[in-house]
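The values are calculated or read from the model by the stated rules, or taken from the named source; none is laboratory data. Fair warning: this is a prediction, and the values are worked out from it, not measured in the lab. Cβ: placed from backbone, ideal geometry, glycine included. Neighbour counts: every protein chain shown.
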Amino acid sequence: MKSIKVMSPSSVANLSCGYDILGICLDHVGDEMIITKTNSPGISITNIKGAKLSYSVDKNVAGIAAKSYLSKNPSKFGFEIEIIKKVAAGSGLGSSASSAVAAVYGIDYLLERNSNKIDLIKHAVDGEQFASGEAHADNIAPTMFGGLTLVRDLKTLDILNLPFPKDLFITILHPEIELKTSILRNVLNKKISIKKVVKQTANLGGLISGLYSNDYQLISRCLVDEIVEERRASSIPGFYSLKESAIQNGALGFGISGSGPSIFSISKGKKTASSVKKGFEKVYSQKNISFKTFISKINYEGVKVFEQWFTIV
Ligand code: HSE
């Protein structure tokens, strides 16, 4: 029997002006999964640490993604999955995407198929769809590829890796409350004014230009959400105080990470990112809510296998 341990990083989706299409991969934070290849076919979830999730393969993001993968890539082997959640479900940090990506990437690795990551993403999206009620890959793409990604088209999986200036640091505040993505997708307006669409697309174009040209000020001007933020901000305690604090401390941008409750800020340089972090902590020290804060660089690698071993008894 061969086992591997997979590290599947967390991510920040939307990045203000890129609802459902932009995402960045975070460093040193994410979920782990131990996958063991067995001699009898089938998938089982044998252990879940750090979260109360279903052991039923059909009701668990990792199980659904793994089944989707094996339906298109049949194998005479089976797989036992142990999920080690280090990031809470419903945190806004792409927890379900981490599980879905770890399962498909890990099983493909154990089968030595070395599949194209785009082919793997299809199956991870099936898992994500179960978690949030709608297919989207803005967390899955950065977790799979690393870096900063743009999902230009979900149907054809036209996914681009965008460049970014080297001195970007992300500050995260995670209020320890759970928000369900499926509910926060339902609060969004299905009709959006053409004026807002114009502003959002202008910011998206400007952001991409700023990323290519390392223009921090242009990036800053474009990290604005005209469409989603106003509908979701009230679910995040102290959202506008956190925003004000981030701006006062010199952040380039601030917004909801995915569907929240985590919020993110992007800064030029670690010093500014640390001031932003201290500002967030000050705002939350006045609230009766547990929270975590951390600073991350953008992770270039994405999902990876970081341990493997054989059991021969
Ligand atoms: N783009 C998604 C959303 C990310 O904002 O609903 C969370 O899964």
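Yes/no per residue for (1) without any contact (Cβ under 8 Å) to a residue 12 or more places away in the chain; (2) of a type in the set (D, E, K, R):
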position: Phe239; (1), (2): no, no
position: Ser257; (1), (2): no, no
position: Phe280; (1), (2): no, no
position: Asn288; (1), (2): yes, no
position: Lys297; (1), (2): no, yes
Among the residues of the stretch 81-88, is any part of a strand (DSSP E or B), crowded, with 24+ Cβ neighbours inside 10 Å and either among the charged types (D, E, K, R) or more than 16 Å from the ligand (Cβ to nearest atom) (or both)?
yes
Six or more apart or on different chains, Cβ atoms under 6 Å: show the pairs whose first residue is in the stretch 117-142 and within 20 Å of Ile298 (Cβ to Cβ) and whose second is of a type in the set (D, E, K, R) and near the ligand (Cβ under 9 Å from one of its atoms).
Asp138/Asp20; Ile140/Glu128
Could you tell me how many of the residues in the stretch 154-198 are surrounded by 16 or more Cβ atoms within 10 Å (Cβ to Cβ) and assigned to a helix (DSSP H, G or I)?
3
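Each row is one residue, and each column tells you yes or no for (1) of a type in the set (Asp, Glu); (2) part of a helix (DSSP H, G or I).
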{"position": "Glu112", "(1), (2)": "yes, no"}
{"position": "Asp119", "(1), (2)": "yes, yes"}
{"position": "Lys122", "(1), (2)": "no, yes"}
{"position": "Glu128", "(1), (2)": "yes, yes"}
{"position": "Glu134", "(1), (2)": "yes, no"}
{"position": "Pro142", "(1), (2)": "no, yes"}
{"position": "Thr149", "(1), (2)": "no, no"}
{"position": "Arg152", "(1), (2)": "no, no"}
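Go through Ile247, Ile219, Ile208 for me and flag whichever is closer than 30 Å to Ala131 by Cα and either assigned to a helix (DSSP H, G or I) or at pLDDT 95 or above (or both). I'd like the intermediate steps shown before the answer.
On the way: Ile247 fails: closer than 30 Å to Ala131 by Cα; Ile219 fails: closer than 30 Å to Ala131 by Cα.
After ruling out the rest, the residue left standing is Ile208.
Taking the condition within 18 Å of Ile24 (Cβ to Cβ) and more than 23 Å from the chain's Cα centre (by Cα), does Asp225 pass?
no
Scan the stretch 290-313 for residues that are of a type in the set (A, V, I, L, M, F, W, C), part of a loop (DSSP other than H, G, I, E, B) and modelled with pLDDT under 95 and jot them down.
Listed by number, the residues that qualify are Ile312, Val313.
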Search the stretch 212-237 for residues being within 16 Å of the ligand (Cβ to nearest atom) and free of Cβ contacts under 8 Å to residues at least 40 places away in the same chain, and hand back the single one that is nearest to Asn288 (Cα to Cα).
Ser234
